Each structure stands twice: as C-alpha cells, then as structure tokens.
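The values are calculated or read from the model by the stated rules, or taken from the named source; none is laboratory data. Keep in mind that what you see is a predicted model, and the values were worked out from it rather than measured. So basically every Cβ, Gly included, is an ideal-geometry build from the backbone, and we count neighbours across all protein chains shown.
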Amino acid sequence: MNAIELKDLSKSYPDFTLDRLTLTLPSGCIMGLIGENGAGKSTTMRLLLGVLRRDGGSVRLLGRELREDDRLLLEDVGVVPDEIGLPHSMTARQIGKIMRNTYRNWDDSVYSDLLARLSVPEKKPFNTFSLGMQKKLGIAVALSHHPKLLLLDEATSGLDPVVRDELLDLFMEFTRDETHAILISSHIVSDLEKICDYVAFLHKGKLMLCEEKDRLREQYAVVRISAEQLASLPPSAIVGRKEGPYGVEAIVRKDAVPAGLPSGPVDIEQLFIFMVKEAK
C-alpha cells in the first residue's frame, strides 16, 4: 500500500501556484521534500491535512481518499508543524491529558517513554522550553497516538546537531514498521540525505524531480571540465552548471555522456542547487 498518493494537486494564490503536484510515497519509506522558501512545501503539507481546500487534484492517504473533515483518517496521521502550536502555559504532563481526550488511540505509556527518552521535562510550562525542547515535545505528541504516517514540516530546523541526530534515529525507527511512512520537509538537506529513501524537489510550486535517493546517485555525476568540453556534450546531458575562471563544474546524466569522462559522485543538496540555478 502507498502511504501518500497525490495526483495533479493544485492550489492557487494571487502570487503563487502549486501546480499539479503528482507523487507517490510507498509505506515503509521516508520521503524528503526539498525546496527553497516559498517553493510550496508548507502548502503541500496543509493540503495533505485538509487544512487548505485544494483547487484541483486528489489526495489519498493510507489507501483512502482524503475528504473534508475526515477525522477518522487523520487519527492515523502524526503532524509536526514548523511552529509547535501547543498551549504555552501548560506542562507536558497536562498536554498529555488533553491529547488523551483528543485521540482515540492515545497511549500514555508511549508518551511517557518518549518524554523520558527525549529528556523533555514533564512539569515545566511549554513557554519556558527552548526551540529544541518544543520540537521534541511536538514529536512526542505526534508519535503517541500510534500514527501510520508522519508529516514533518521543518521538524529539525533550528536544532543543534546532537538533537537533530537524536530525532533522525527516532524517525528511522518509526519506519522499520513497513506499514509506517514519513514525509519530511527540511532546509537541512544533509539530514534528509541520511534518512530518506525518496527525495522530491519543489521549485516555485512545480515538482522538478521525485526519485529514489539511491537511483539519483546512480543516474547523475559531477564533472569538472573545460568550457570547450562542456560545449561538446549533448545539451540533454547537462542538468546544471557553474562556470569559473578555471573551467566548469557541471552535473550530468551518466547515461548521456561519453564513457570514460572523469566524474565524481553527486550529493542531493548539490543536485538540487544546480537544478534550480539551471531552471532560473
């Protein structure tokens, strides 16, 4: 079963359009949603939750089509937004009591275990927490009602490397269950590269690429060549380029360049940056 199926998902504003977004996330996998500010990542997340009304297209979550106010389906979705919207004056323990009456499958023991594992104080009010501690509490809440799908919008942004690494381990543990899946957006592409099975590139509301991470490494390479050598390559082989005084650095499709051309591996962030620059 696929955890997420989007087909021609669209949403228009006066100054922005999410344009016919189509992608699929299989269960048991993590997909990283990569894009610059304003690319449409948060809009996509809100459409997946039914918080925004889509202008066109379809959304299927966990094998079911999302309809307005589908509370039963959203019981199976854990959400961590960019800004954790929990009551400021309440403690983690009090928030747990509220969530117990909010989610049918709320599990107090899971919540307590996560608070302990993530070192979240139970008796301090939320508004005294650091950003990292707020994110940890938000993640504990999202995981404590036994969701099958996690939607994480910039869940690791603004956190120190130790905390980020701790959370990435938690996310990978979650998807060891093959009925679980995660869609995570982040500016920290190195985090996504560590944990993601799939990556999707959004640029100005359009999907530039959606592919398995390992296949991207198989399909693309970095070459450092002269301008003359670049000119001899088929235009279709060139994904992006950066020209300098000593030659050209380019990302190319391996199957479209001559065999034996010296090349190196590409990382996901590098590929995204070069594709966006080429698109501009």
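Hey, can you tell me all the residues within region 86-117 that are of a type in the set (S, T, N, Q) and part of a helix (DSSP H, G or I)?
Within region 86-117, 94, 109, 112 meet the criteria.
Scanning region 224-241 for residues that are surrounded by 14 or more Cβ atoms within 10 Å (Cβ to Cβ) and closer than 30 Å to residue 187 by Cα gives 224, 225, 237, 238, 239, 240, 241. Scanning region 156-171 for residues that are part of a loop (DSSP other than H, G, I, E, B) and in contact with a Gly (Cβ under 8 Å, 6 or more places away or on another chain) gives 158, 159, 160.
For (1) over 30 Å from residue 205 (Cβ atoms); (2) out of contact with any Asp or Glu (no Cβ under 7 Å at 6 or more places or on another chain), each residue gets a yes or a no:
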position: 43; (1), (2): no, yes
position: 49; (1), (2): no, yes
position: 58; (1), (2): no, no
position: 76; (1), (2): no, yes
position: 79; (1), (2): no, yes
position: 92; (1), (2): yes, no
position: 96; (1), (2): yes, no
position: 101; (1), (2): yes, yes
position: 107; (1), (2): yes, yes
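Just one of (1) surrounded by fewer than 17 Cβ atoms within 10 Å (Cβ to Cβ); (2) hydrophobic (A, V, I, L, M, F, W, C); (3) touching a helix residue (DSSP H, G or I) at 6+ places or on another chain (Cβ under 8 Å) fails for residue 195. It is (1). In this structure, is residue 270 farther than 20 Å from residue 203 by Cβ, not basic (Lys, Arg) and not assigned by TED's automatic domain parsing to the domain that holds residue 197? No, not satisfied.
Can you find a residue in region 172-190 that is part of a helix (DSSP H, G or I), modelled with pLDDT under 90 and among the β-branched types (Val, Ile, Thr)?
Filtering region 172-190 for residues part of a helix (DSSP H, G or I) gives 172-174, 189-190.
Next, from what is left, pick out any that are modelled with pLDDT under 90: 189-190.
With among the β-branched types (Val, Ile, Thr) added as a condition, the list becomes 189.
Yes: region 172-190 contains one or more residues that are part of a helix (DSSP H, G or I), modelled with pLDDT under 90 and among the β-branched types (Val, Ile, Thr).
Considering 61, 52, the condition of being crowded, with 18+ Cβ neighbours inside 10 Å and touching a strand residue (DSSP E or B) at 6+ places or on another chain (Cβ under 7 Å) is satisfied by 61 alone. The sole residue among 85, 78 that is surrounded by 16 or more Cβ atoms within 10 Å (Cβ to Cβ) and not hydrophobic (A, V, I, L, M, F, W, C) is 78.
Which of the residues belonging to region 1-34 are of a type in the set (Gly, Ala, Ser), surrounded by 15 or more Cβ atoms within 10 Å (Cβ to Cβ) and at negative phi? Hits for region 1-34 are 3, 10, 27, 32. Among the residues making up region 44-60, those that are within 15 Å of the chain's Cα centre (by Cα) and within 27 Å of residue 214 (Cα to Cα) are 44, 45, 48. Can you find a residue that is basic (Lys, Arg), touching a residue at least 12 places away in the same chain (Cβ under 8 Å) and in the same structural domain as residue 146 (by TED's automatic domain parsing) anywhere in region 92-115? Within region 92-115, one or more residues are basic (Lys, Arg), touching a residue at least 12 places away in the same chain (Cβ under 8 Å) and in the same structural domain as residue 146 (by TED's automatic domain parsing). Residue under question is residue 72, and the condition is that it be farther than 22 Å from residue 161 by Cα and out of contact with any Asp or Glu (no Cβ under 9 Å at 6 or more places or on another chain); does it hold? The answer is yes for residue 72. Residues that are among the hydroxyl-bearing types (Ser, Thr, Tyr), in contact (Cβ under 8 Å) with a residue 60 or more places away in the chain and out of contact with any Asp or Glu (no Cβ under 7 Å at 6 or more places or on another chain) within region 1-34 comprise just one, 17.
Scanning region 118-137 for residues that are touching a residue at least 24 places away in the same chain (Cβ under 8 Å), over 16 Å from residue 80 (Cα atoms) and outside any loop (DSSP other than H, G, I, E, B) yields 125, 127.
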